[in-house]
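Student: Pasting in a structure now, in structure tokens, and then I'll have a few things to ask.
The values are calculated or read from the model by the stated rules, or taken from the named source; none is laboratory data. Quick caveat, the model's predicted, so the values are computed rather than measured. Note that we place each Cβ from the backbone using ideal geometry, even for glycine, and neighbour counts take in every protein chain shown.
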Amino acid sequence: MYADLKFHNELRELVPDHDHGIFRCPVDRRASVKDAIEALGVPHTEVGRILANGIEVDFSVLLAAPRLYEIFPVAVPWDVTMPSVLRPEPLRGVSFLVDENAHRLAGLLRMIGMDAATCRGLTDEDIVRRAVAQSRIVLSKDRRLLKRKQIVFGRLVRGVHPWEQLREIVDLFGLRTRLQPFSRCIHCNVMLKSRTKTEIQERLEPLTKQYYQVFQECPECKRIYWAGSHHERMRERLRAF
Ligand SMILES: [Zn+2]
């Protein structure tokens with residue numbers, strides 16, 4: 001007995017070469033739909049909806065035959081604060097845990113004001129624990145990690161270059177209207193505090209003191225931020241973005 005799995009839209013880029021993205025799977029063991037999908041290389045984090053002979057089902061349903069399972073990607077923009085059949089317990093907000101294999105993406109997400117923690121020195125178990133404990137969306141290029149059941153919200157990062165990855169994440173989660181560029185420390189991931197020139201002037205170079213009026217400080221690492229030339233270049237790139 002066989003079940004057919006049909007992958008729709010961009011999920012077809014994640015499965016091995018196949019006409020029309022349809023795969024025939026033997027139904028001879030107690031495998032769930034999640035198991036069958038992931039055996040073909042697609043982490044469950046990429047899936048937004050599953051129809052079994054036209055009826056919506058969740059990941060835990062056992063594969064049955066003869067039946068057609070249609071697998072759809074998450075709908076864009078993905079509002080993670082809304083419950084769905086596959087993810088009945090939504091998140092309260094959008095914050096990320098960025099795997100080391102996409103670590104430059106974390107810096108860019110912080111630059112646009114998003115909460116993006118990194119995984120330096122963490123094992124896969126640590127990553128899972130932290131994602132669950134802090135309700136974070138895991139961003140990774142590692143399919144094996146994203147197949148872990150406890151990671152409910154995640155994204156297999158497809159882009160190669162960090163700016164391309166940033167665009168991918170901003171578009172996927174519909175973040176364009178909530179960008180707060182230069183509000184967060186790109187080193188520590190904490191929100192910056194406004195500082196008057198008098199409060200910090202002994203720490204500024206003479207020219208910085210002369211030409212800039214608006215300053216921010218990271219409460220964690222004490223770095224001072226101002227709208228200098230680096231800031232201007234990033235702002236230009238963001239404008240183009
Ligand atoms: Zn800092």
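Student: What pairs can you find where one residue is in the stretch 173-191 and among the basic types (Lys, Arg), the other is buried (at least 17 other Cβ atoms within 10 Å of the Cβ), and their Cβ atoms are less than 7 Å apart, with a gap of 6+ or different chains?
Tutor: What qualifies is ARG176/VAL170; ARG184/ARG110; ARG184/GLY113; ARG184/LEU192.
Student: Give me the residue from the stretch 126-173 that is β-branched (Val, Ile, Thr) and in contact with a Gly (Cβ under 7 Å, 6 or more places away or on another chain) and, out of that set, farthest from GLU38 (Cα to Cα).
Tutor: Looking at residues that are β-branched (Val, Ile, Thr) and in contact with a Gly (Cβ under 7 Å, 6 or more places away or on another chain), I get ILE137.
Student: Please verify whether the stretch 172-180 includes one or more residues that are more than 30 Å from GLU13 (Cβ to Cβ) and out of contact with any His (no Cβ under 6 Å at 6 or more places or on another chain).
Tutor: Yes, the stretch 172-180 has at least one match.
Let's see how each residue does on (1) modelled with pLDDT of 95 or more; (2) in a loop (DSSP other than H, G, I, E, B); (3) away from the ligand (no atom under 16 Å from the Cβ):
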{"site": "ARG130", "(1), (2), (3)": "yes, no, yes"}
{"site": "ASN189", "(1), (2), (3)": "yes, yes, no"}
{"site": "GLN201", "(1), (2), (3)": "no, no, yes"}
{"site": "PRO219", "(1), (2), (3)": "yes, yes, no"}
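Student: Is it true that some residue in the stretch 79-95 is more than 30 Å from ILE22 (Cβ to Cβ) and among the charged types (D, E, K, R)?
Tutor: There is at least one residue in the stretch 79-95 that is more than 30 Å from ILE22 (Cβ to Cβ) and among the charged types (D, E, K, R).
Student: For the stretch 26-60, which positions are under 14 Å from PHE72 (Cα atoms), among the basic types (Lys, Arg) and without any contact (Cβ under 8 Å) to a residue 24 or more places away in the chain?
Tutor: Scanning the stretch 26-60 gives no hits.
Student: Go through the stretch 221-241 and count every residue that is more than 16 Å from the ligand (Cβ to nearest atom) and either exposed (fewer than 13 other Cβ atoms within 10 Å of the Cβ) or not aromatic (Phe, Trp, Tyr) (or both).
Tutor: Residues that pass the stated criteria total 12.
Student: So, one more: I'd like the full set of residues that are surrounded by fewer than 13 Cβ atoms within 10 Å (Cβ to Cβ) and either in contact with a helix residue (DSSP H, G or I) (Cβ under 6 Å, 6 or more places away or on another chain) or small (Gly, Ala, Ser) (or both), limited to the stretch 115-165.
Tutor: Correct list: GLY121, ALA133, GLN150.
Student: Okay, next question. Mind listing whichever residues of the stretch 132-147 are in a loop (DSSP other than H, G, I, E, B) and farther than 15 Å from LEU105 by Cβ? Before you say what the answer is, go through the steps one by one.
Tutor: Step one: of the stretch 132-147, the residues in a loop (DSSP other than H, G, I, E, B) are 134-136, 141-142, 147.
Result: GLN134, SER135, LYS147.
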